[in-house]
Amino acid sequence: MSTAPVPGLIESLEGIAVYLVAFGNHHAAGKVREGEWFHPKIANLSRRLRIVSADVKEGDTNHRAHTIFMHHGHHHMRNVELRNLGPRGKLGRYPVHFHHAGHAGHGDGITGCSIWQDVSEPGSRFVTIHDSQGVEVRGNVGFRSRGHGFFMEAGNEAGCTVEGNLSVGVTGPEELAVPHSALSGDSHHYWLFEGNTIKGNVAAGAGGPGVIVLPTATKADAAIVEGFEGLGCARYGMWSKCEITSYLACRACYCTAAGIAMIPTYGVPISFTQINDPVLFLNGTETTKKDPYKTGIFATRCGDVVVKGGQI
(Lines give C-alpha, C1' and ligand atoms only; values in the text may rest on other atoms or scores of the structure.)
Protein backbone atom coordinates (compact mmCIF):
# COMPACT_ATOMS: atom_id res chain seq x y z
CA MET A 1 0.00 0.00 0.00
CA SER A 2 1.17 3.54 -0.65
CA THR A 3 2.63 5.40 2.33
CA ALA A 4 0.24 8.27 1.53
CA PRO A 5 -3.37 7.23 2.22
CA VAL A 6 -5.57 7.02 -0.85
CA PRO A 7 -9.40 7.19 -0.42
CA GLY A 8 -10.89 3.73 -0.82
CA LEU A 9 -7.74 1.82 0.17
CA ILE A 10 -7.66 -0.41 3.23
CA GLU A 11 -6.45 1.19 6.43
CA SER A 12 -6.86 -1.79 8.76
CA LEU A 13 -8.64 -5.11 9.33
CA GLU A 14 -10.27 -6.06 12.62
CA GLY A 15 -12.14 -9.33 12.60
CA ILE A 16 -14.74 -9.08 9.85
CA ALA A 17 -14.58 -5.26 9.82
CA VAL A 18 -12.65 -3.65 6.98
CA TYR A 19 -11.60 -0.04 7.63
CA LEU A 20 -11.14 2.02 4.49
CA VAL A 21 -9.31 5.33 4.41
CA ALA A 22 -11.88 8.16 4.60
CA PHE A 23 -14.82 5.76 4.37
CA GLY A 24 -15.27 4.38 7.90
CA ASN A 25 -15.82 0.64 8.31
CA HIS A 26 -17.61 -1.95 6.18
CA HIS A 27 -18.48 -5.42 7.40
CA ALA A 28 -17.42 -8.33 5.22
CA ALA A 29 -20.92 -9.81 5.22
CA GLY A 30 -21.70 -7.84 2.05
CA LYS A 31 -25.09 -7.44 0.38
CA VAL A 32 -27.52 -10.33 0.69
CA ARG A 33 -30.80 -11.09 -1.08
CA GLU A 34 -32.63 -14.42 -1.00
CA GLY A 35 -29.59 -16.23 0.34
CA GLU A 36 -27.19 -14.83 -2.28
CA TRP A 37 -24.22 -12.70 -1.25
CA PHE A 38 -22.21 -9.92 -2.81
CA HIS A 39 -19.01 -9.72 -0.81
CA PRO A 40 -16.72 -6.68 -0.76
CA LYS A 41 -13.48 -7.16 -2.68
CA ILE A 42 -10.17 -6.83 -0.89
CA ALA A 43 -6.94 -6.54 -2.90
CA ASN A 44 -3.31 -6.27 -1.81
CA LEU A 45 -1.55 -3.72 -4.02
CA SER A 46 1.96 -4.11 -2.63
CA ARG A 47 4.57 -6.58 -3.92
CA ARG A 48 8.22 -7.17 -3.08
CA LEU A 49 9.30 -6.72 -6.69
CA ARG A 50 8.24 -3.31 -8.05
CA ILE A 51 8.39 -1.37 -11.29
CA VAL A 52 7.61 2.25 -10.38
CA SER A 53 7.73 5.50 -12.31
CA ALA A 54 10.01 7.98 -10.55
CA ASP A 55 8.51 11.40 -11.25
CA VAL A 56 4.72 11.05 -11.13
CA LYS A 57 3.08 13.70 -8.96
CA GLU A 58 -0.51 14.52 -8.08
CA GLY A 59 -2.30 16.10 -11.05
CA ASP A 60 0.36 14.95 -13.55
CA THR A 61 -0.87 12.82 -16.47
CA ASN A 62 2.57 12.03 -17.86
CA HIS A 63 6.09 11.11 -16.70
CA ARG A 64 4.93 7.51 -16.58
CA ALA A 65 7.01 4.54 -17.70
CA HIS A 66 5.66 1.45 -19.49
CA THR A 67 6.51 -2.20 -20.15
CA ILE A 68 6.25 -3.96 -23.52
CA PHE A 69 6.74 -7.60 -24.60
CA MET A 70 7.30 -8.26 -28.31
CA HIS A 71 8.18 -10.57 -31.17
CA HIS A 72 7.80 -14.23 -30.23
CA GLY A 73 9.69 -14.08 -26.93
CA HIS A 74 8.66 -15.89 -23.76
CA HIS A 75 7.33 -13.47 -21.18
CA HIS A 76 6.52 -14.43 -17.59
CA MET A 77 5.60 -11.69 -15.11
CA ARG A 78 4.65 -13.01 -11.69
CA ASN A 79 3.72 -11.15 -8.51
CA VAL A 80 5.08 -7.76 -9.55
CA GLU A 81 3.79 -4.36 -8.46
CA LEU A 82 3.53 -1.98 -11.43
CA ARG A 83 2.87 1.47 -9.99
CA ASN A 84 2.23 4.76 -11.80
CA LEU A 85 2.83 3.30 -15.27
CA GLY A 86 1.06 4.09 -18.56
CA PRO A 87 1.56 7.64 -19.93
CA ARG A 88 -1.71 9.21 -21.02
CA GLY A 89 -2.52 9.78 -24.68
CA LYS A 90 0.53 7.80 -25.90
CA LEU A 91 -0.29 5.05 -28.40
CA GLY A 92 1.31 1.75 -27.47
CA ARG A 93 2.57 2.90 -24.07
CA TYR A 94 0.65 0.97 -21.44
CA PRO A 95 1.56 -0.44 -18.01
CA VAL A 96 1.67 -3.96 -19.51
CA HIS A 97 1.65 -4.37 -23.29
CA PHE A 98 1.89 -7.63 -25.25
CA HIS A 99 2.61 -6.21 -28.71
CA HIS A 100 2.83 -8.51 -31.75
CA ALA A 101 4.16 -11.18 -29.40
CA GLY A 102 2.92 -14.01 -31.62
CA HIS A 103 1.78 -17.30 -30.12
CA ALA A 104 2.74 -17.38 -26.46
CA GLY A 105 4.10 -20.50 -24.83
CA HIS A 106 2.45 -22.28 -21.92
CA GLY A 107 2.20 -19.94 -18.95
CA ASP A 108 3.36 -16.84 -20.81
CA GLY A 109 1.64 -13.71 -19.57
CA ILE A 110 1.05 -11.86 -16.30
CA THR A 111 -0.13 -13.43 -13.05
CA GLY A 112 -0.68 -12.15 -9.52
CA CYS A 113 0.42 -8.59 -10.26
CA SER A 114 -0.94 -5.22 -9.18
CA ILE A 115 -1.23 -2.41 -11.72
CA TRP A 116 -2.19 0.83 -10.05
CA GLN A 117 -1.74 4.55 -9.45
CA ASP A 118 -1.03 6.02 -6.02
CA VAL A 119 -2.08 9.46 -7.30
CA SER A 120 -5.64 10.41 -8.21
CA GLU A 121 -4.84 10.80 -11.94
CA PRO A 122 -5.33 7.44 -13.68
CA GLY A 123 -2.80 5.96 -16.07
CA SER A 124 -3.61 4.57 -19.51
CA ARG A 125 -5.11 1.05 -19.27
CA PHE A 126 -3.93 -1.92 -17.19
CA VAL A 127 -3.05 -4.74 -19.64
CA THR A 128 -3.16 -4.51 -23.44
CA ILE A 129 -2.95 -7.59 -25.68
CA HIS A 130 -2.28 -6.63 -29.32
CA ASP A 131 -1.92 -9.14 -32.14
CA SER A 132 -0.83 -11.83 -29.64
CA GLN A 133 -2.29 -15.27 -28.97
CA GLY A 134 -2.27 -17.58 -25.98
CA VAL A 135 -1.41 -14.91 -23.40
CA GLU A 136 -2.50 -15.69 -19.83
CA VAL A 137 -3.77 -12.82 -17.66
CA ARG A 138 -4.64 -14.34 -14.28
CA GLY A 139 -5.25 -13.12 -10.76
CA ASN A 140 -4.21 -9.50 -11.24
CA VAL A 141 -5.67 -6.32 -9.74
CA GLY A 142 -5.91 -3.03 -11.61
CA PHE A 143 -6.74 0.29 -9.94
CA ARG A 144 -7.29 3.60 -11.79
CA SER A 145 -7.26 3.45 -15.57
CA ARG A 146 -8.26 6.05 -18.15
CA GLY A 147 -9.75 4.02 -20.98
CA HIS A 148 -10.44 0.27 -21.21
CA GLY A 149 -8.67 -1.56 -18.37
CA PHE A 150 -7.97 -5.10 -19.60
CA PHE A 151 -7.92 -4.56 -23.35
CA MET A 152 -7.63 -6.61 -26.55
CA GLU A 153 -6.81 -4.30 -29.42
CA ALA A 154 -7.01 -5.69 -32.95
CA GLY A 155 -9.57 -8.51 -32.80
CA ASN A 156 -7.18 -11.30 -33.83
CA GLU A 157 -6.23 -12.05 -30.23
CA ALA A 158 -7.33 -15.65 -29.65
CA GLY A 159 -6.66 -18.52 -27.26
CA CYS A 160 -5.87 -16.08 -24.46
CA THR A 161 -7.03 -16.53 -20.87
CA VAL A 162 -8.37 -13.62 -18.82
CA GLU A 163 -9.24 -15.17 -15.47
CA GLY A 164 -9.68 -14.11 -11.87
CA ASN A 165 -8.76 -10.45 -12.30
CA LEU A 166 -10.13 -7.46 -10.38
CA SER A 167 -10.63 -4.12 -12.13
CA VAL A 168 -11.40 -1.00 -10.07
CA GLY A 169 -11.74 2.63 -11.08
CA VAL A 170 -11.88 2.58 -14.90
CA THR A 171 -12.93 5.96 -16.32
CA GLY A 172 -13.42 7.67 -19.67
CA PRO A 173 -13.36 9.21 -22.10
CA GLU A 174 -10.95 7.28 -24.30
CA GLU A 175 -7.89 9.33 -25.22
CA LEU A 176 -6.65 7.00 -27.99
CA ALA A 177 -8.24 5.66 -31.17
CA VAL A 178 -9.77 2.25 -30.48
CA PRO A 179 -10.51 -0.23 -33.30
CA HIS A 180 -14.16 -1.30 -33.27
CA SER A 181 -15.13 1.73 -31.19
CA ALA A 182 -18.25 2.08 -33.33
CA LEU A 183 -19.65 -0.87 -31.37
CA SER A 184 -19.44 1.06 -28.11
CA GLY A 185 -18.11 4.47 -27.15
CA ASP A 186 -17.79 3.67 -23.43
CA SER A 187 -14.62 2.83 -21.54
CA HIS A 188 -14.96 -0.70 -20.18
CA HIS A 189 -13.25 -2.53 -17.37
CA TYR A 190 -12.76 -5.44 -19.83
CA TRP A 191 -12.77 -4.98 -23.64
CA LEU A 192 -12.36 -8.52 -25.01
CA PHE A 193 -13.03 -10.72 -28.05
CA GLU A 194 -14.71 -14.08 -28.52
CA GLY A 195 -12.44 -17.09 -28.90
CA ASN A 196 -10.76 -16.46 -25.53
CA THR A 197 -11.33 -17.84 -22.03
CA ILE A 198 -13.11 -15.21 -19.89
CA LYS A 199 -13.67 -16.53 -16.40
CA GLY A 200 -14.06 -15.34 -12.83
CA ASN A 201 -13.28 -11.66 -13.37
CA VAL A 202 -14.66 -8.76 -11.31
CA ALA A 203 -15.35 -5.16 -12.31
CA ALA A 204 -16.07 -2.55 -9.63
CA GLY A 205 -16.91 1.11 -10.07
CA ALA A 206 -19.16 3.28 -12.17
CA GLY A 207 -16.62 4.75 -14.60
CA GLY A 208 -17.70 2.35 -17.34
CA PRO A 209 -19.48 -0.95 -18.12
CA GLY A 210 -18.02 -4.15 -16.73
CA VAL A 211 -17.21 -6.40 -19.70
CA ILE A 212 -18.00 -6.31 -23.40
CA VAL A 213 -17.22 -9.24 -25.72
CA LEU A 214 -16.77 -8.36 -29.40
CA PRO A 215 -17.01 -10.56 -32.49
CA THR A 216 -14.02 -11.55 -34.59
CA ALA A 217 -13.80 -11.94 -38.36
CA THR A 218 -13.22 -15.68 -37.93
CA LYS A 219 -16.48 -16.10 -35.96
CA ALA A 220 -15.73 -18.27 -32.93
CA ASP A 221 -18.39 -20.86 -32.04
CA ALA A 222 -19.66 -18.74 -29.13
CA ALA A 223 -18.58 -16.10 -26.68
CA ILE A 224 -18.54 -17.56 -23.16
CA VAL A 225 -18.42 -15.40 -20.04
CA GLU A 226 -18.19 -17.46 -16.86
CA GLY A 227 -18.45 -16.30 -13.27
CA PHE A 228 -18.20 -12.60 -14.07
CA GLU A 229 -19.17 -10.11 -11.36
CA GLY A 230 -20.11 -6.50 -12.09
CA LEU A 231 -20.43 -4.23 -9.05
CA GLY A 232 -21.75 -0.70 -9.47
CA CYS A 233 -20.73 -0.50 -13.13
CA ALA A 234 -21.87 2.31 -15.41
CA ARG A 235 -24.65 1.25 -17.77
CA TYR A 236 -24.17 -2.54 -17.91
CA GLY A 237 -22.46 -5.13 -15.81
CA MET A 238 -21.84 -7.21 -18.93
CA TRP A 239 -22.85 -7.27 -22.58
CA SER A 240 -21.82 -8.84 -25.86
CA LYS A 241 -21.88 -7.90 -29.53
CA CYS A 242 -21.39 -11.53 -30.63
CA GLU A 243 -24.02 -13.55 -32.49
CA ILE A 244 -24.00 -16.30 -29.85
CA THR A 245 -23.14 -15.67 -26.19
CA SER A 246 -23.38 -17.79 -23.05
CA TYR A 247 -23.25 -16.27 -19.57
CA LEU A 248 -22.57 -18.89 -16.90
CA ALA A 249 -23.16 -18.13 -13.20
CA CYS A 250 -22.60 -14.39 -13.63
CA ARG A 251 -23.57 -11.74 -11.09
CA ALA A 252 -24.31 -8.02 -11.17
CA CYS A 253 -25.40 -5.56 -8.52
CA TYR A 254 -26.03 -1.78 -8.56
CA CYS A 255 -25.21 -1.34 -12.26
CA THR A 256 -26.79 1.89 -13.47
CA ALA A 257 -28.81 0.53 -16.43
CA ALA A 258 -28.86 -3.29 -16.47
CA GLY A 259 -27.00 -6.31 -15.15
CA ILE A 260 -26.82 -7.97 -18.60
CA ALA A 261 -27.64 -6.33 -21.96
CA MET A 262 -28.10 -7.52 -25.56
CA ILE A 263 -28.08 -4.64 -28.06
CA PRO A 264 -27.08 -5.11 -31.72
CA THR A 265 -25.41 -2.15 -33.43
CA TYR A 266 -23.99 -1.27 -36.84
CA GLY A 267 -25.17 -4.42 -38.56
CA VAL A 268 -23.79 -6.84 -35.95
CA PRO A 269 -26.62 -9.32 -35.27
CA ILE A 270 -27.31 -11.03 -31.96
CA SER A 271 -29.07 -14.29 -32.70
CA PHE A 272 -28.89 -16.29 -29.45
CA THR A 273 -28.03 -15.55 -25.82
CA GLN A 274 -28.15 -18.06 -22.98
CA ILE A 275 -27.97 -16.92 -19.36
CA ASN A 276 -27.50 -19.74 -16.85
CA ASP A 277 -27.87 -19.23 -13.09
CA PRO A 278 -27.51 -15.43 -12.96
CA VAL A 279 -27.72 -13.40 -9.76
CA LEU A 280 -28.84 -9.87 -10.67
CA PHE A 281 -29.85 -7.59 -7.79
CA LEU A 282 -30.73 -3.89 -7.61
CA ASN A 283 -29.58 -2.93 -11.08
CA GLY A 284 -31.00 0.09 -12.91
CA THR A 285 -29.91 2.58 -10.25
CA GLU A 286 -29.54 5.63 -12.52
CA THR A 287 -31.65 8.49 -11.10
CA THR A 288 -30.61 11.49 -13.20
CA LYS A 289 -32.04 10.26 -16.53
CA LYS A 290 -35.60 9.34 -17.40
CA ASP A 291 -34.49 6.01 -18.85
CA PRO A 292 -37.32 3.47 -19.22
CA TYR A 293 -34.91 0.59 -19.85
CA LYS A 294 -33.42 0.17 -16.38
CA THR A 295 -33.69 -3.51 -15.52
CA GLY A 296 -31.94 -6.74 -14.60
CA ILE A 297 -31.73 -8.04 -18.18
CA PHE A 298 -32.19 -5.69 -21.15
CA ALA A 299 -32.64 -7.12 -24.66
CA THR A 300 -33.74 -5.26 -27.77
CA ARG A 301 -33.83 -6.17 -31.46
CA CYS A 302 -32.03 -9.46 -30.87
CA GLY A 303 -32.84 -13.13 -31.33
CA ASP A 304 -33.65 -15.75 -28.74
CA VAL A 305 -32.75 -15.12 -25.10
CA VAL A 306 -32.91 -18.10 -22.76
CA VAL A 307 -32.62 -17.68 -18.99
CA LYS A 308 -32.20 -20.80 -16.83
CA GLY A 309 -32.26 -20.71 -13.04
CA GLY A 310 -30.75 -17.95 -10.98
CA GLN A 311 -32.29 -14.94 -9.22
CA ILE A 312 -33.28 -11.55 -10.62
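The values are calculated or read from the model by the stated rules, or taken from the named source; none is laboratory data. Keep in mind that this is a model prediction, so the values were computed, not measured. Note that each Cβ is placed from the backbone with ideal geometry, even for glycine, and that neighbours are counted across all protein chains shown. These accessible areas exclude ligands, DNA and RNA; they are computed on the full protein's heavy atoms, side chains included. Shrake-Rupley method; radii C 1.70, N 1.55, O 1.52, S 1.80 Å.
The residues listed here are GLY208, GLY172; of these, the one that is buried (at least 18 other Cβ atoms within 10 Å of the Cβ) and more than 18 Å from ALA249 (Cβ to Cβ) is GLY208. Count of segment 265-304 residues, restricted to those that are more than 21 Å from LEU183 (Cβ to Cβ), part of a loop (DSSP other than H, G, I, E, B) and aliphatic (A, V, I, L, M), is 1.
For every residue, the table says whether it meets (1) under 21 Å from ARG251 (Cα atoms); (2) surrounded by 15 or more Cβ atoms within 10 Å (Cβ to Cβ).
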site	(1), (2)
PRO264	no, yes
THR273	yes, yes
THR287	no, no
THR295	yes, yes
PHE298	yes, yes
VAL306	yes, no
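Return a yes/no flag: does segment 296-309 have any residue that is under 21 Å from LYS41 (Cβ atoms) and not aliphatic (A, V, I, L, M). For segment 296-309, residues under 21 Å from LYS41 (Cβ atoms) and not aliphatic (A, V, I, L, M): absent.
Just so you know, in segment 124-155 the residues that are touching a Ser or Thr at 6+ places or on another chain (Cβ under 9 Å) and among the acidic types (Asp, Glu) include one that is modelled with the highest pLDDT, and it is GLU136.
Taking the stated definitions as given, is THR216 hydroxyl-bearing (Ser, Thr, Tyr) and closer than 23 Å to GLY303 by Cβ? Against the criterion (hydroxyl-bearing (Ser, Thr, Tyr) and closer than 23 Å to GLY303 by Cβ), THR216 qualifies. The set of residues in segment 42-67 being within 22 Å of ASN140 (Cβ to Cβ) and crowded, with 16+ Cβ neighbours inside 10 Å consists of ALA43, LEU45, ARG47, ILE51, SER53, VAL56, ARG64, ALA65, HIS66, THR67. Among residues of segment 243-272 that are at positive phi, those with a beta-carbon under 7 Å from a residue that is surrounded by fewer than 17 Cβ atoms within 10 Å (Cβ to Cβ) and among the charged types (D, E, K, R) at least six positions away or on a different chain give the pairs ALA249/GLU226; ALA249/ASP277. Looking across segment 250-278, the residues that are under 17 Å from the mean Cα position of the chain (by Cα) and of a type outside the set (Phe, Trp, Tyr) come down to CYS250, ARG251, ALA252, CYS253, CYS255, THR256, ALA258, GLY259, ILE260, ALA261.
Of the strands (runs of 3 or more DSSP E) lying entirely inside segment 141-240, those containing at least 2 residues that are touching a helix residue (DSSP H, G or I) at 6+ places or on another chain (Cβ under 8 Å) are 211-214.
Taking the conditions (1) part of a strand (DSSP E or B); (2) closer than 24 Å to HIS180 by Cα; (3) modelled with pLDDT under 95 in turn, MET77 satisfies each one other than (2). When segment 175-205 is filtered for residues that are at pLDDT 90 or above, closer than 17 Å to THR245 by Cβ, out of contact with any Ser or Thr (no Cβ under 6 Å at 6 or more places or on another chain) and open to solvent by 50 Å² or more (accessible area, probe 1.4 Å), only LYS199 remains.
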